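See structure below.
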Amino acid sequence: MCDEFHILTFNMRLFAAPEMWCGAGAWQYFRLDDLLSCTVIEKSNKISETLLYVKLFDADTEDYEHEDILHLQRKFRSCSKMDDVERLLNSKLPFKRYY
């Protein structure tokens, strides 16, 4: 049984991590302009032509399931078009989705 401070995450979709690095392989699915225009990103740094560092929130955050963090993750998924990427990649799986 969950209390008000816990959120069940069984079968939850993947969400954006506190810090992410997008390398050469990411650009076939994500657009740099979409990522850079995402206003919820705390910090970004284009390290090279093919490598982008993105900080969404502090990795030391005590509760990754806090409503504010989940809100940031949802906003990042939206502006990065992560849902579209997830649908595309799921369509390429050779087996049935389980979530």
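Taking trypsin sites (Lys or Arg not before Pro) across region 69-99, the ones in a DSSP loop with at most 12 further Cβ atoms lying within 10 angstrom of their Cβ are Lys92, Lys96, Arg97. With the charge dipole of region 52-93 set up from +1 on Lys and Arg Cβ and -1 on Asp and Glu Cβ about the Cα centre, the Cα lying farthest toward the positive end among the listed residues Ile69, Tyr53, Val85 is that of Val85.
According to the Kirkwood relation over distinct C-alpha pairs, the hydrodynamic radius of region 17-99 is 13.9 Å.
A Förster distance of 30 Å, applied to the separation of the beta-carbon atoms of Phe95 and Leu51, puts the FRET efficiency at 0.45. For region 29-70, the per residue solvent-accessible surface stands at 67 Å², with DNA, RNA and ligands left out and a 1.4 Å probe.
Residues of region 56-93 with an amide N closer than 18 Å to a point placed 7 Å from the Cα of Glu42 along the Cα-to-Cβ direction: 56-77.
The values are calculated or read from the model by the stated rules, or taken from the named source; none is laboratory data. Bear in mind that the values here come from a model prediction, so they are computed numbers and not experimental data. Positions of Cβ are backbone-derived with ideal geometry, glycine not excepted, and every protein chain shown enters the neighbour counts. Surface accessibility is based on the protein's heavy atoms, side chains included, excluding ligands, DNA and RNA. Shrake-Rupley method; radii C 1.70, N 1.55, O 1.52, S 1.80 Å.
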